[in-house]
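**Q** Please read through the structure below; I'll follow up with questions.
The values are calculated or read from the model by the stated rules, or taken from the named source; none is laboratory data. Every value quoted in this text rests on a predicted model; they were computed, and no experiment measured them. Positions of Cβ are backbone-derived with ideal geometry, glycine not excepted, and every protein chain shown enters the neighbour counts. These area figures cover heavy atoms from the full protein model, side chains too; ligands, DNA and RNA do not enter into them. Shrake-Rupley method; radii C 1.70, N 1.55, O 1.52, S 1.80 Å.
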Amino acid sequence: MITPRAVSGHRFHDCTDPAVTAPLTASVRELPFLGTLTTTTAQLVAGELTEVVLRYTVGSSGIADSGWLKLCFKYYSDWDLQTTAPGERDYATAELVHRSDRGGAGPDSLATVGHLRTRYDVKGGERPFQKALLIHLEDGFLRPGDEIVIRLGDRRFGGPGTRVQTFVEDGFVFRLYADVLGTSRMGHAGDVALDVRPGPAARLVVAGPRVVRAGAVAPLRVHLEDSWGNAAVDSPAALRLSVGGEPEFGELPGTSWAAGEFELPAAPTGAYRAAVTATLPDGRVLTGSCPVDVVAELPGERAYFADLHVHSDDTVGTQDSAYNFAYGRRVGGLDVLGYTANDFQVTDAAWAATVALCREVTEEGRFVCLPGVEWCGNSAVGGDHNVIYLGADTGLARSLQWHDGMTSRVPVAEHWPITELYAAYAARPDDYLLMPHLGGRRAILDWHHPQLERLIEVHSAWGTGNWFLREAMQRGYRVGVSANSDEHRGRPGSGAPGATIFGGRGGGLTGVLAPELTRAAVGSTLRARRTWATTGTRAVALLRSGDQWMGDERARAGTELVVSYALYADAEWEQVTVYDTEGPVLHRDLHAEAGYAPGLVRVRWGGARHRDRYRWATWTGRIEIAGADLIAAEPWAASHQEQRIDRDGNRIDWAAATFGNDTGVVLRTDGDATEFRIATTIAEDAHTGEFTVTAGELAAGPVRRDFGGAGLHVTVERLSAAALPVTLTGELPVRLPDADSALYLHARQSDGHEVWTSPLFFTTA
């Protein structure tokens, strides 16, 4: 016989009684359905090492077993995380710190999740919030009111913290998404916004016009910036300018950007150096200078500098358009700025407002702002092309639309493929300028519209692409050169490289040989291809034959002519190469011409892994020197402070990324070394190489070892200790073939910055 035991009592909430259920329901329903994200941190310093703590309170939804969270931030940030090395930088963790009993849960009904598994994925979210810390629930669920602490740069395991993004941003956003049903469909749970501020002033930047026509006045812009290239704020300073005569005095404001401007007076022809000192309240004195050449002949009053590819927060940039335009003019020292929204993301309202702002901020004679978009078709159908609106029409010929304001769940092609973009603007080509973009979705050169595409980018924040111009010339394009920042970080005109994605050195500048600084003159000059391009340095490169300048088409008359060039650096020139449509035809090594110095050798490495968007190569390497003692090892063309050169006796170890550019180290020994033993690794492809360069090989000239990709290489070369020229002129006797041809120049400064001229075209018809 079985005797049932008596019920020991009710251990549940009797939900037939509203007096019982109402407060229990209210305790759950008072939480936002998807929860809340909070932090006590309000402000950070760009590039600092710190620990950032975020707290997520689970909402009334709870989270089902196998659900997950995504903590996202924008892909163009150079802030990165990792979840595999607790004792190293940027280690991120997620930990359940409170199991809530909201709603009347008993001890056995609290959250059962056993572990929060984290993983970092740079493409784990939806553009622009693509960088993502993924937090997966394992072995259980979460309840309303449960609390998770997310630590970025968790220092509890001995790590130094996380390195904050290196550029300034008002309201940097961490965005949290939650998959509360375990279906992998995410909902937006909440945001926290932190202000990223500049660090203390570390250097004085002086940006001059470099070349001025005799009798003309010109602006000289100065600003203070921190160690990561951000304009300092709240940093008053007393300024002193000397250009050979009586000094001038000024001051930098104590609020907003520490930026100011002098006016260089008209001067007779000659070479000058504008030297500026800034005295800070703490007694520090920072100095900066730039050369200025006054010349007898120039189409305009001075060399004009443009950045024709700038984003704002209308799409994927930092700060709003007004901020970017003001920064470009006041801090970046630009004469011309080209705004380029991503065409598939900008809304009609945002586009109209920014076009109006472009017109409003233009002050002819001082500053020209041109509206534009980045046509964002995939590489398979043409790739990224910038569209600059030079006339009155600013109608969008979108590739497609895919933004938050859309009602459609799928993108719908509009002007797709590239031929549809051409068709939209072909009727009035003079009103537009199209440029294949070196960056993002790689522009493919199988398709070309000669009347619309007048320039091609050779450099942007994505990297340096000598190959891009060479390919265009080999295909028979007649295009000029442009280099632009593709600035996503709110620093147009002075786009210091970031530490990851946008690591191209110096952003990029397009030189404009316009007769005057007006919208009409700038537009016609750009379409006439009278341009040069730089990797961000304010250098000038001119090429001409008689009264015809680079970009012009010179009809063949006779078989011989003289082409002259004039190169104005803001450092010394070390090499110049003349190209035709097939490749180099003349090369000058200024180190060799001046005479190599004993015991002075440079090892440089560079190139990119491929030609598409994420092309960078992360190098580590070792140099061992035999036959002489190493006296000094100095970084060369370093992009930022995290690139590493370590010395141990006669051994050098390096770590540095390249984006098509070169970087390296200058070695000084107490005599000529007998050999250099070099080993390298490129992390992304696990590619390794080892080789030895002997003194005998170096005596014959630079020694280069190629590693494939898009110009991956290591080069060992001797250097001169002599002063190299800052201004370089020359003439090229040319014998023309009985066919169309062209010539252009590429030159490199001793600091690694590069310049290109547009080609001078020779035609038979």
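**Q** Taking the Cα centroid of the stretch 365-400 and of the stretch 518-587, what is the distance between the two, rounded to the nearest whole Å?
**A** Between the Cα centre of the stretch 365-400 and that of the stretch 518-587, the gap is 25 Å.
**Q** Taking the alpha-carbon distance from LYS131 and a cut-off under 16 Å, which aspartates and glutamates remain once sequence neighbours fewer than 8 residues away in the same chain are dropped?
**A** ASP78, ASP80, ASP90, ASP121, ASP191
**Q** Let me understand the stretch 334-403 better: what is its radius of gyration from the alpha carbons, and its Dmax, in angstrom?
**A** That works out to 12.8, 41 Å for Rg and Dmax.
**Q** Could you please state how large a percent of the accessible area of the chain is carbon and sulfur, counting protein chains only and using a 1.4 Å probe?
**A** Carbon and sulfur: 50 percent of the exposed surface of the chain.
**Q** Once you order the gyration tensor axes a ≥ b ≥ c over the Cα atoms, which shape class does the stretch 665-740 get: rounded for a/c under 1.5, otherwise prolate or oblate by comparing a/b with b/c?
**A** oblate
**Q** Further question on the same structure: Could you tell me how many cubic angstrom of Cα convex hull volume the stretch 353-462 has per residue?
**A** About 134 Å³ per residue, rounded to a whole number.
**Q** Looking at GLY664, LEU732, PHE762, which one has the Cα that reaches farthest to the positive end of the dipole of the stretch 661-765 (charges on Cβ: Lys, Arg +1; Asp, Glu -1)?
**A** Comparing the listed Cα positions along the dipole, LEU732 ranks first.
**Q** Name all residues of the stretch 589-629 having a backbone nitrogen under 11 Å from the label point set 7 Å from the Cα of ARG705 along its Cα→Cβ direction, giving them as ranges.
**A** 622-624
**Q** Give me the number: length gained by fully extending ASP234 to VAL410, i.e. 0.36 nm times residue separation minus the C-alpha to C-alpha distance, one decimal in nm.
**A** Result for the pair: 58.7 nm of gain on full extension.
**Q** What does the net charge come to around ARG89 if you take all other residues with beta carbon closer than 15 Å to its beta carbon, with K and R at +1 and D and E at -1?
**A** It works out to a net charge of -3.
**Q** Report the local net charge at VAL331: Lys and Arg +1, Asp and Glu -1, summed over other residues whose C-beta lies under 9 Å from its C-beta.
**A** That works out to +3.
**Q** Another question, then. Express in nm, to one decimal, how much length is gained between VAL562 and SER109 on full extension, taking 0.36 nm for each residue of separation and deducting their alpha carbon distance.
**A** Value of the extension gain: 154.2 nm.
**Q** What's the extension gain from LYS123 to ARG11 if we count 0.36 nm per residue and subtract their Cα-Cα distance?
**A** Separation in residues times 0.36 nm, less the Cα-Cα distance, equals 35.6 nm.
**Q** What's the local net charge at GLY708, with K and R +1, D and E -1, over the other residues with C-beta under 12 Å away?
**A** Summing Lys and Arg as +1 and Asp and Glu as -1 gives 0.
**Q** A follow-up question, please. Helix-derived [θ] at 222 nm for the chain: sum -39500 (n - 2.57) over DSSP H runs of at least 4, divide by residue count, nearest 500?
**A** -2500 deg cm²/dmol
**Q** Okay, next question. Taking a probe of 1.4 Å, how large is the accessible area per residue of the chain, in Å²?
**A** 39 Å²
**Q** Over its Cα atoms, what ratio of radius of gyration to 2.2 N^0.38 Å does the stretch 459-563 give?
**A** For the stretch 459-563, the normalised Cα radius of gyration comes out at 1.22.
**Q** Let me ask another. Going by accessible area, probe 1.4 Å, with all protein chains left in place, what is the ranking of ARG143, ARG602, ARG329, largest first?
**A** If we order ARG143, ARG602, ARG329 from most to least accessible, we get ARG329, ARG143, ARG602.
**Q** Can you list the equivalent-ellipsoid semi-axes of the stretch 220-275, largest first and in whole Å, using the square root of 5 times each Cα gyration tensor eigenvalue?
**A** Semi-axis lengths for the stretch 220-275 are 25, 12, 8 Å.
**Q** Looking only at Cβ-Cβ distances, which cysteines of the chain have no other cysteine closer than 4.7 Å?
**A** CYS15, CYS72, CYS290, CYS376
**Q** So for the pair HIS587, THR763, with labels modelled 7 Å out along Cα→Cβ, what separation do we get in nm?
**A** Once both label points are built, they end up 3.3 nm from each other.
**Q** Which whole-percent values make up P(r) of the stretch 437-510 when all C-alpha to C-alpha distances are grouped in 5 Å steps starting at zero?
**A** Taking all Cα pairs of the stretch 437-510, the binned fractions are 3, 17, 27, 22, 15, 9, 5, 0 percent.
**Q** Further question: Just checking my list (i) 112, 57, 50; (ii) 122, 68, 54; (iii) 87, 79, 50 against Cα extents along the principal axes in Å computed from this structure; which label fits?
**A** Of the listed options (i) 112, 57, 50; (ii) 122, 68, 54; (iii) 87, 79, 50, (ii) comes from this structure.
**Q** Measuring from label point to label point, each 7 Å out along Cα→Cβ, what is the ARG273 to ALA555 span in nm?
**A** My value for the distance between the label points is 4.8 nm.
**Q** Same structure again: For the pair ALA296 and GLU516, how long in nm is the line joining their label points, each one 7 Å along Cα→Cβ?
**A** Here the modelled spin labels are 2.5 nm apart.
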